[in-house]
Amino acid sequence: MADATLDATVGHVDPNDTSSLQTMELTVNGQTHTLTLEPNVVLLDALRERLNLTGAKKGCDHGQCGACTVLIDGRAMNSCLLLAALAEGQEITTIEGLADEDGTLHPIQQAFLEHDAYQCGYCTAGQMMMATSILNDKDIAKDPASIKEAMSGNICRCGAYKNILDAVQSAHRTIEGA
C-alpha cells in the first residue's frame, strides 16, 4: 500500500510554487522573446505552447521521427530533445521563419510545392528544415546518397521520399543558379 501512495505523489508539482522558474530570452525567427519557463521545458513545447509557432510537430517525442526539426544557428536539431534554456543566445529558425518577410518562399518550400514532396503534411515542416540545413552544406547537397543519409532521421509515413529527394536536389540547383 505504501508504494501506491508514493507513486501517486511522484512528479507532483505545486502550481503555486514559482521558485524553480527560469526567465530566458529566445531569439526565434529574428525576434527576441522573453519567456519564464520551468527548467525542464523542451524547446518544442516552448515554441508551440508559449509562442504559438505550431509548424514543428510533436511526433514521437523521442528524437526519432524528425517532425520537430528546427534550425539552431543554421544546424538542424530535434526540438523535442533540446531544453529551451539551452537554446538561449542562439538563433532559432522554425518553418514559420523560413520564407522571406515579403512572403517569397524559400527555395526548399517552392521545390516541395513543385515536386509534390508532401502527402499528409505532418512531417513536412521538419523535412523542410532538415533539407534547409543540408542546403547549407554544399558537399552534402550535391550528392543524392548524402542527401538520403542526412535526411534519414526524418520519417515520412506517407512515403514521399522520392519526391522529397527531388525537391532537395531542385532547391540545390536553384540556390546554385544551375
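The values are calculated or read from the model by the stated rules, or taken from the named source; none is laboratory data. Note that the coordinates shown come from a computational prediction; the quantities given were computed from them, not determined experimentally. Neighbour counts are summed over all protein chains in view; Cβ atoms, including those assigned to glycine, are modelled from backbone coordinates with ideal geometry.
Observations on the model:
- Criterion violated by S20 - all others in (1) small (G, A, S); (2) modelled with pLDDT of 95 or more; (3) assigned to a loop (DSSP other than H, G, I, E, B) satisfied: (2)
- Unique residue being modelled with pLDDT of 95 or more, among the acidic types (D, E) and outside any strand (DSSP E or B) when the list is E49, E25: E49
- In the set T124, T132, T104, T93, only one residue is touching a Phe, Trp or Tyr at 6+ places or on another chain (Cβ under 6 Å) and either aliphatic (A, V, I, L, M) or modelled with pLDDT of 95 or more (or both); that residue is T124.
- Residue check, A171 within 14 Å of G66 (Cα to Cα) and under 20 Å from the mean Cα position of the chain (by Cα): no
- Filtered residues of the stretch 68-105 (kept if in contact with a Pro (Cβ under 9 Å, 6 or more places away or on another chain) and outside any helix (DSSP H, G or I)): L83
- Residue count for the stretch 106-119 under the criterion of being assigned to a helix (DSSP H, G or I) and touching a residue at least 40 places away in the same chain (Cβ under 8 Å): the result is 6.
- Of all residues making up the stretch 42-68, the number that are surrounded by 15 or more Cβ atoms within 10 Å (Cβ to Cβ), more than 10 Å from the chain's Cα centre (by Cα) and under 12 Å from E96 (Cα atoms): 3
- The combined condition, being farther than 22 Å from C65 by Cβ, surrounded by 13 or more Cβ atoms within 10 Å (Cβ to Cβ), not assigned by TED's automatic domain parsing to the domain that holds P39 and not β-branched (V, I, T), is not fulfilled by A150.
- Evaluation of M129 against (1) touching a strand residue (DSSP E or B) at 6+ places or on another chain (Cβ under 9 Å); (2) loosely packed, with under 14 Cβ neighbours inside 10 Å (one fails), failing number: (2)
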